[in-house]
1. Which condition does residue 32 not pass, out of (1) loosely packed, with under 14 Cβ neighbours inside 10 Å; (2) outside any loop (DSSP other than H, G, I, E, B), if it passes all the others?
2. Filter segment 57-86 down to the residues that are out of contact with any helix residue (DSSP H, G or I) (no Cβ under 6 Å at 6 or more places or on another chain) and within 14 Å of residue 25 (Cα to Cα) and list them by number.
3. Identify all residues within segment 35-86 that are in contact with a strand residue (DSSP E or B) (Cβ under 6 Å, 6 or more places away or on another chain) and part of a helix (DSSP H, G or I); write none if there are none.
């Protein structure tokens with residue numbers, strides 16, 4: 001590998017590392033054992049996000065679910081993108 005390519009790959013790696021560090025961690029949401037009504041799950045996940053200082057993410061999650069999810073399973077997939085389910 002050429003030295004220039006090495007430097008380029010290192011720069012890309014550093015940028016990716018910085019992006020990962022900037023993204024807030026997903027909060028934990030206790031959905032297992034909760035009432036499985038999708039609106040209840042959205043509320044629990046949204047509350048976990050808000051308590052973790054991620055109000056914008058909570059609003060974004062709600063909008064995505066209500067505008068794009070065509071099924072219960074699709075809603076769950078979106079929820080799991082925002083919170084760690086336990």
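1. (2)
2. Selection gives 80, 81, 84, 85.
3. Selection gives 44, 45, 48.
Where a number appears in this text, it was derived from the coordinates with a stated rule and is not lab data. Everything numeric in this text was worked out from a predicted model, so none of it was measured. Backbone-built Cβ (ideal geometry, glycine too); neighbour counts: all protein chains shown.
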